Amino acid sequence: MNADTLRKKFLDFFKSKKHKIIASDSLSPADDSTVLFTPAGMNQFKKEFLGFDSGFKRAATSQRCLRTDDLDKVGRTSGHLTFFEMLGNFSFGDYFKKEAILFAWEFLTEVLKIDKERLWVSVYKDDDEAYKIWRQIINVPEGKIIKLGDKQNFWPQEAKEKGPNGPCGPCSEIFFDWGKDTGCLKADCNPSCDCQRFSEIWNLVFTQYNRKEGGALEPLPNKNIDTGMGLERLTALMQGVRSNFETDLFKPIIKEITGCLSAQGAPSGQRPTTNGLIYAIADHIRAITFAIYDGVMPSNEARGYVVRKIIRKSILHMRQLEINKPFLYKLVPVLSEIMKQSYPEINQRQENISEVILSEEKSFFAVLDSSEVLFKDKFEKFIKEQSPQEVGKIAFQLHDTYGLPYEFSASWLTKHGIKISEEAFLTELDKQKERSRAESAMKGDVFNVRDAMCNAEETKFLGHKEYFLKARVLKIIKEGSTPAKKITKAEKAVIILDKTVFYPESGGQIGDAGELFKAKNCFNVLDTKKIGKVIAHIGVVREGSFKTGDFVTAKIDISRRLCIARNHTATHLLQAALRKVLGSHIKQQGSLVAPDKLRFDFQHFKNISKEELDRIEEVINSCILENSFVLIKQKSLKEAKKQGALAFFGEKYAGRVRVVSIGDFSKELCAGTHLDNAAQIGLFKIIHEGSIAGGVRRIEAQTAHTAYKLIKIQQEVLNNVSFKLGVPWNKILHELDKRDSHIKELEKELNAQKMDSLKGSIDDLIQSHQVINNIRVIAKELENLDMNLLRKNVDFVKGKIDNCIVALGSKSKDGVVLVIGITADLCERGWDAVKLIKAAAIQINGSGGGRQDFAQAGGNSPENLGRAFEELKSIIINNCKTNGDKS
């Protein structure tokens, strides 16, 4: 039975048990700051667990999850994974232990036909209720029910003793027995033994308590069920294999990797180390691909940093397998074929995702190729002054920043006689793992104060058509999340109404501002946000006072709302224009819709030319001039997607959605505020475009009055330039070209004079040389020379003498430039200007390159030019340990 069939059987089974089937949440949950990535199926149901009524009491999902706590174990064991799917069924104050246990047993033994004799269960040591259900109703033999403690069978783990405060409860696990002839072979072996005889299949969590400060457990008024079963582990069991990596979810990926190894003659046998590396790569490409699929682009921050780290770890595994060029990106089509039934969009976006991974691979291979220079910069000082502890810490920094493993750094250090403390490295690694666990796992405030507001009554939003209305104050919350009955002048607070016209911040659109008033009492609403289905009016009392139960008039700032609506409708036109001009691969990564501007982030892997930007702007303004009508309709999510409506990145949609169409040009799912027709935008002007991350670009634009003001300012600048140059505006470029040509002629004459002067001073330059290890060395700073003139000086010297290394530098307000030339006879003896320039350039905080006889570099630390010269001399004194003089 393949994984797709298992996933479908699970969801169909619980649908038959009156569960609402909920789509998987993103790996990057937009409305949950307590986790870095989605680690479990329950995370998207926090509000429901707190008592919020979403219209269903039972739910089931196949949730994609990502955990990095055990990243180093992936591939070394049969079960550890970074990315996995968690099958789960949930009850929010509906059924409890008996039904949860009955459902699980029925699915495993009747739907999947797993032999009952092969199943064992565990219960919490004090949970007599669960024990009796298993023993008396399910009829599991007494000898196959084991009682375990707080660490194994309570959620969160050891919560009674260690916290966090909040909902918690005992759990019961179901295990599959692979047989007495496996594992430790002891007669008394049971699921508490870690000998691998037993595989945990399903964990049933009975959330029945609320932990209070001090560890006291009080019963919850509504008891909940939260279960989790790994799809990969279940697939392995149903396919009769012990390892996740032997299932249909992994085998095609592994086949592609081993095929690559065979093609290049690299090791691809059955050695455990080799297989472990292949398995790790197969796991990691799933995590990488689905993270990018969910909008997490590799970067140096937060989620993006984790994705980049996993990519780099995969590349290091590849190098151990002697794959020394980009290859990971080739696995994306293989994975998309495996997952296409449940995730068809992966198939549609595989080229886009592959490009992101390829770009990262090229970047890290470049880092690895330059590791010699990096190691030399970080560690060379320890040759004379050994400090193993400090070296271990620096090695960890390289591991954490560049993904360079301990063994890679240790090998170089041993070769150069530098001692390293592995203990210091591991200490730093443990600290980093703790930070990772704190971010990747569920934090102590899983159900935080913000979520507690979900208990308030749902706010009815009527602001799509109305700008003011009468409403009743349901709740007042002062600063510090303190509920209050009354607020007075100058007090800051959050007010919750039974209904409102204020649009809350959502989908990139900022919240409305305005006023709540009754008679002479006025509350300035400065911002509006949504928490669950409750709309929070955030602001300050300007006059008078307000108390719960008051009837008030809620009125938005209409002019501000109109500006926001212009920019929101324009954002839709922008996405449509980008897809028309650049291609249908364009996918929104984020946006900001404010009164004064709009910002749109999107996936695209090439620079956008001026001509393309002009075309995008032209397409949008043409649509505005055509006065396309904005049509808004409510449709089912399935129907909207079938009609080609675009969805906003990271947004979760209900069964019924709001579809915003602008003529035949744009169609998107959107709950935001919009215009009646495109002509109301007036004017669209792009003010900035650029890259903000690998494969992600950003466009900022303005509309209507703000765009017109910008054009007026630009026109004023143009008029001033025209006046100063003394030509009409349409001849400014011609005049600038003419003056530029004149300046170049003057510079040419000046350079010729400098060249004559330089030729006359070459002999003095040669006379300034030092002899180091029988080599003439010229290292000198020359004032006010550019790179070209420095190079000519080097050529003059090399034309007059041999057995010479010439290093010349010049400072400017922009930084410093440095050149190194080597005479032909020294090149034949193995000296290399490129290696010398790379070592010296580090001192000026720069980088460089070139060829063996000549190299150049630039840097932004001109004050360290002297240190660069000293570094060069040091290398020569040490008989070119960096370059290996063959003489």
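The values are calculated or read from the model by the stated rules, or taken from the named source; none is laboratory data. Note that the coordinates shown come from a computational prediction; the quantities given were computed from them, not determined experimentally. Here the Cβ positions follow ideal geometry from the backbone for every residue, glycine too, while neighbour counts run over all protein chains shown. Ligands, DNA and RNA are stripped out before the accessible areas are found, and what is left, the full protein with its side chains, is counted by its heavy atoms. Shrake-Rupley method; radii C 1.70, N 1.55, O 1.52, S 1.80 Å.
For the stretch 191-207, in order, what is each residue's ³J(HN,Hα) by Karplus, 6.51 cos²θ - 1.76 cosθ + 1.60 with θ = phi - 60°, in whole Hz (x at glycine and Pro)?
x, 6, 7, 9, 7, 6, 5, 10, 10, 5, 9, 9, 10, 10, 9, 9, 7
Would you work out if the stretch 545-630 is rounded, prolate or oblate? Take a ≥ b ≥ c from the square roots of the eigenvalues of the alpha-carbon gyration tensor; rounded if a/c is under 1.5, else prolate when a/b is larger than b/c, oblate otherwise. Don't jump to the answer; show the numbers that get you there.
Numbers: a/c = 3.46, a/b = 2.23, b/c = 1.56.
Because a/c hits 1.5 or more and a/b exceeds b/c, the stretch 545-630 counts as prolate.
Quick one: check the C-alpha center-to-center distance for the stretch 465-516 versus the stretch 854-879, whole angstrom.
63 Å
Once you treat every alpha carbon in the chain as an equal point and sum by Debye, what is log10 I(q)/I(0) at q = 0.07, 0.10 Å⁻¹?
Here log10 of I(q) over I(0) equals -0.78, -1.28.
What shape does the stretch 667-724 take by its C-alpha gyration tensor, where a ≥ b ≥ c are the square roots of the eigenvalues and a/c under 1.5 counts as rounded, a/b above b/c as prolate, and the rest as oblate?
oblate
Heavy atoms only, 1.4 Å probe, whole protein assembly: order H399, H284, H688, H416 by accessible area, highest first.
H688, H416, H399, H284
Ranked from highest to lowest mean number of other Cβ atoms within 10 Å per residue, what is the order of the peptides 5-12, 494-501, 579-586?
494-501, 5-12, 579-586
Please state, to two decimals, what the Cα-based radius of gyration of the stretch 773-887 comes to when divided by 2.2 N^0.38 Å (N = residues).
Dividing the Cα radius of gyration by 2.2 N^0.38 Å gives 0.96.
Using a 1.4 angstrom probe, figure out how much accessible area the chain has per residue, in square angstrom, rounded to the nearest whole.
Roughly 48 Å² per residue, with all protein chains present.
If you roll a 1.4 angstrom probe over the protein chains with everything in place, what fraction of the accessible area of the stretch 578-686 belongs to carbon and sulfur, to the nearest %?
Reported share for carbon and sulfur atoms: 49 percent.
Quick one: check the C-alpha center-to-center distance for the stretch 1-27 versus the stretch 406-435, whole angstrom.
45 Å
Determine the calculated [θ] at 222 nm for the chain from helices alone, applying -39500 (n - 2.57) to every DSSP H run no shorter than 4 residues and normalising by the residue count; nearest 500 deg cm²/dmol. All intermediate terms of the calculation are to be shown ahead of the outcome.
Working: 27 runs with 338 residues, N = 887.
Calculated from helices alone, the mean residue ellipticity at 222 nm is -12000 deg cm²/dmol.
Taking only Cα atoms of the stretch 699-746, what ratio of Rg to Rh do you get with Rh as the Kirkwood inverse-distance radius?
1.18
Students sometimes get this wrong: rank F869, F551 by accessible area, probe 1.4 Å, all chains present, largest first. Mind showing how you got there, number by number?
On the way: F869 20, F551 135 Å².
If we order F869, F551 from most to least accessible, we get F551, F869.
As an exercise, find the ratio Rg/Rh for the stretch 605-649 from alpha-carbon atoms, using the Kirkwood inverse-distance average for Rh.
Reported Rg/Rh, Kirkwood definition of Rh: 1.13.
Which loop trypsin sites (Lys or Arg not before Pro) in the stretch 11-54, with loop taken from DSSP, have no more than 16 other Cβ atoms within 10 angstrom of their Cβ?
K17, K18
Residue-wise, which Karplus ³J(HN,Hα) couplings in Hz belong to the stretch 735-741, taking 6.51 cos²θ - 1.76 cosθ + 1.60, θ = phi - 60°, and x for glycine or proline?
The phi angles translate into 5, 5, 4, 5, 5, 5, 5 Hz.
Going by amide H atoms built from the backbone, whose H comes under 5 Å of the H on I114, apart from near neighbours?
T109
How large is the convex hull of the Cα atoms of the stretch 371-423 per residue, expressed in Å³ as a whole number?
Spread over its residues, the Cα hull of the stretch 371-423 gives 64 Å³ apiece.
With the full set of protein chains in place, find how many percent of the accessible area of the stretch 739-882 is carbon and sulfur; take the probe as 1.4 Å.
44 percent
Residues with amide H under 5 Å of L220's amide H, sequence separation 5 or more or different chain, H placed in the peptide plane at 1.01 Å from N; which?
Here the answer is Y209, N210, since their amide H atoms fall under 5 Å of that of L220.
Distance between the C-alpha centers of the stretch 583-602 and the stretch 123-196? Whole Å please.
Measuring centre to centre over Cα atoms gives 50 Å.
Carbon and sulfur: what percent of the stretch 163-294's accessible surface (1.4 Å probe)?
Solvent-exposed carbon and sulfur of the stretch 163-294 make up 48 percent of the total.
By average Cβ neighbour count within 10 Å, what is the ranking of 385-396, 530-541 from highest down? Provide the component values of the computation, followed by the final result.
Values: 385-396: 17.9, 530-541: 21.2.
Listed from highest to lowest mean packing, they are 530-541, 385-396.
Mind ordering 154-161, 813-820 by average Cβ neighbours within 10 Å, highest first? Provide the component values of the computation, followed by the final result.
Details: 154-161: 17.6, 813-820: 20.0.
The densest-packed peptide leads the list: 813-820, 154-161.
Please list 3J(HN,Hα) in residue order for the stretch 675-684, calculated via the Karplus relation 6.51 cos²θ - 1.76 cosθ + 1.60 where θ = phi - 60°; whole Hz, with x for glycine and proline.
7, 8, 8, 5, 4, 5, 5, x, 7, 10
Tell me the label-point distance for the pair S636, V111, using the 7 Å Cα-to-Cβ offset, in nm and rounded to one decimal.
Computed distance between label sites S636 and V111 equals 2.2 nm.
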